[in-house]
Amino acid sequence: MSNHKHTRRRKRVMPPSEKILLTEPEAAFVLDVEPGSLAVFRCTGRHEIPFLKIGRNVRYRRSDLEAWLTSRTHTTGVTGEKASFESSHPVWANPDPRKKRP
C-alpha cells in the first residue's frame, strides 16, 4: 500500500466582502468566470480588467472589479458597438461598390 495522501480540490470560497486585494480565484468568483478566463483576459488585453502584479502574484482590487462591472452595465438590449450585418458577414459584403446587390 502506498502512503500517498490524496489531494482534494479546493472548494470555491467567496472572498470576504471587506477584503481589498483578491486572488485570481476570488476575483473569478466575483465576476462569475473561470480563473483561467481571467488569465486569458490579462494576456490578450481583452475586456481590460485592471490587475496588479505583486512580484509573481496577480491581484485584483475589489473596487476595480466593481467599477469594471458598473461600466459594463446596460439599460437596453444593445450590446457593444453597433456593427453592420454586412461587415460581419462576408457573404453579404459587396466587393465592388459600383455594382449593386440584388
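The values are calculated or read from the model by the stated rules, or taken from the named source; none is laboratory data. Given the structure is predicted, the values throughout are model-derived calculations rather than measurements. Positions of Cβ are backbone-derived with ideal geometry, glycine not excepted, and every protein chain shown enters the neighbour counts.
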The listed residue being more than 18 Å from the chain's Cα centre (by Cα), under 23 Å from residue 30 (Cα atoms), of a type outside the set (Val, Ile, Thr) and modelled with pLDDT of 85 or more, out of 46, 72, 56, 62: 56
Residue list for segment 43-55, filter: outside any strand (DSSP E or B) and surrounded by fewer than 16 Cβ atoms within 10 Å (Cβ to Cβ): 43, 44, 45, 46, 47, 48, 50, 55
Index of the failed condition, residue 58 passing every other in (1) in contact with a helix residue (DSSP H, G or I) (Cβ under 7 Å, 6 or more places away or on another chain); (2) in a helix (DSSP H, G or I); (3) surrounded by 16 or more Cβ atoms within 10 Å (Cβ to Cβ): (2)
All positions within segment 29-55 that are small (Gly, Ala, Ser) and in contact with a helix residue (DSSP H, G or I) (Cβ under 8 Å, 6 or more places away or on another chain): 37, 39
